[in-house]
Amino acid sequence: MSDWPHAPVHRLSERGAYMVTSGTYLKKPLLNSGDKLSLVQDKLFFLAEEYGWRLQAWAVMSNHYHFIASSPEKPESLKVLISRLHTETATTLNKIDGQTGRRVWYQFYDSRITYEKSYLARLNYVNRNPTHHNVARDPEEYDWCSALWFKNKADTAFRKTVENLKIDKLNVYDEF
């Protein structure tokens, strides 16, 4: 069977670390308040725990999000997790904005990370994403990102290794 040419391919058959990116439909800044950003972040935390995905890094912006997580025994549960995340947050966002039936989310992109250096660089990328998009001068001051959590929880040597990795040549979909 060949891949569908108009949507990202989701090959979720192997356990491991995955990076996920999704954006709002037409890249509109629909998450335009702290309450809306918190809604998406809190729902991500809840669903990740419910489906056994261990979050390693995350960043939620006004028109997209990224996260890195380690899969459970059945990594194909990511599709259900994302489906619920999008459906449940879209329903609530549309109620908040009085926009019945509005399409909120577009597709999601996932990639299984197979090389340690790539994994570490992507952790750094996601943690720095608020500065990449100029929504914060210091990502540790941005409430909807894992940078401060990472600083407080990660071993100092590990954190310094991650923070020193270059991210300028990473192939990450982030056209937001």
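If R0 equals 22 Å, the separation of the Cβ atoms of residue 38 and residue 84 corresponds to a calculated FRET efficiency of about 0.80.
For region 57-139, just say rounded, prolate or oblate: build the C-alpha gyration tensor, square-root its eigenvalues into a ≥ b ≥ c, call rounded for a/c under 1.5, and beyond that prolate if a/b exceeds b/c, oblate if not. Oblate shape, in that a/c is at least 1.5 and b/c is the bigger or equal ratio. What separates the Cα centres of region 12-49 and region 118-148 is a distance of 14 Å.
Of the chymotrypsin sites (Phe, Trp or Tyr not before Pro) found in region 98-152, those in coil by DSSP whose Cβ has at most 10 other Cβ atoms within 10 Å are 115. Loop only per DSSP, at most 14 neighbouring Cβ atoms within 10 Å: give me the trypsin sites (Lys or Arg not before Pro) in region 108-176, ordered by residue number. In loop regions of region 108-176 (DSSP not H, G, I, E or B), the sparsely surrounded trypsin sites (Lys or Arg not before Pro) are 137, 166, 169.
So for the pair residue 94, residue 73, with labels modelled 7 Å out along Cα→Cβ, what separation do we get in nm? Going from the residue 94 label point to the residue 73 one covers 3.6 nm.
Rule-based calculations on the coordinates, nothing more; no lab input. Computed from a predicted model, the values in this text were never measured in an experiment. Here Cβ is always computed from backbone atoms with ideal geometry, including for glycine, and neighbour counts include all displayed protein chains.
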